[in-house]
Amino acid sequence: NDSTCFWFRIRPCRLEICCLWTMAPSPASTVVLSSLLFLITLSGMQLSSSQLASTKPLTIAGGFLSSLLFLFLLIAVGNLESILIKGSQVEWPEVIVCLVVAEIAAASIHGVCVTTCFIFSAVLLYFTHRVSQETYRAKNK
């Protein structure tokens, strides 16, 4: 009995990577994992801040890493909120707080990182919302 099974499915104009999980991770373990990923990413960014600010492509990469900070923090906050308040959902105030934290981290690297972090975070937020809608729509059917 393999608990994780990956396969690829090719549909017109897109490649899907599908995954079967026999058990979903608990919100508590997701809070711990996403918080660790947040801290590791933030530490790595701060340790390599001079390299990230040295060239234009690396500055854009710094903005992308900052947007990952946004995503990890949003996941941690959302799952922590679902533990403390049953049935709660992440709304705009939580999104804005997570974005401000990610933008502060981006600003500590380079000014351009702030702009690219905002753009990448908006894209990540859109796709996170889309996946969430598809997942919970499938569960409610």
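The values are calculated or read from the model by the stated rules, or taken from the named source; none is laboratory data. Source: prediction; values computed, not measured. Side chains included, ligands, DNA and RNA excluded: accessible areas come from the protein's heavy atoms. Shrake-Rupley method; radii C 1.70, N 1.55, O 1.52, S 1.80 Å.
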- Please give the length that would be gained between Ile119 and Lys56 if that part of the chain were fully extended, namely 0.36 nm times their separation in residues minus their C-alpha to C-alpha distance (nm, one decimal). 21.1 nm
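Keeping every protein chain present and rolling a 1.4 Å probe, give me the accessible area per residue for the stretch 57-125 in Å².
Numbers: 3600 Å² over 69 residues.
Heavy-atom accessible area per residue stands at 52 Å².
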